[in-house]
């Protein structure tokens with residue numbers, strides 16, 4: 001328990017130190033290159049304003065038909081089953097059983 005507390009404290013202290021170092025570096029860069037800092041600030045403000053305007057200008061969407069919703073759920077279920085199947089194929093016993101069944105079918 002003592003080790004966990006020390007570990008958490010050292011991790012928090014590391015994050016605080018890194019944030020402080022980043023802040024100092026940013027302040028130094030702004031002092032050395034105010035034009036670059038102004039350009040970055042203008043770019044960030046422009047991106048925020050542009051995003052806000054784009055959201056307002058977007059037309060309202062029509063509701064999604066139920067058959068599309070059902071097909072999307074089916075595709076999600078199939079993907080989940082496929083993932084389970086691939087995990088099963090990692091098992092050597094399952095691979096051996098499948099291999100035997102395929103050989104059995106091919107011999108017929």
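The values are calculated or read from the model by the stated rules, or taken from the named source; none is laboratory data. On a predicted model such as this, the values are computed, not experimentally measured, just so you know. Methodologically, a virtual Cβ is constructed for each residue, glycine included, from the backbone with ideal geometry; neighbour enumeration extends over all protein chains shown.
Observations, loosely collected:
Matching residues to (1) part of a helix (DSSP H, G or I); (2) within 25 Å of the chain's Cα centre (by Cα); (3) modelled with pLDDT of 90 or more:
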| site | (1), (2), (3) |
| --- | --- |
| 17 | yes, no, yes |
| 29 | yes, no, no |
| 39 | yes, no, no |
| 42 | yes, no, yes |
| 53 | yes, no, no |
| 56 | yes, no, no |
| 62 | no, no, no |
| 78 | yes, yes, yes |
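- Scanning region 88-102 for residues that are assigned to a helix (DSSP H, G or I) and either within 22 Å of the chain's Cα centre (by Cα) or surrounded by 10 or more Cβ atoms within 10 Å (Cβ to Cβ) (or both) returns 88, 89, 94, 95, 96, 97, 98, 99, 100, 101, 102.
- Within region 65-84, residues that are in contact (Cβ under 8 Å) with a residue 24 or more places away in the chain have Cβ atoms under 9 Å from residues that are surrounded by 10 or more Cβ atoms within 10 Å (Cβ to Cβ) and part of a helix (DSSP H, G or I) in no pair, counting only partners at least 6 apart in sequence or on another chain.
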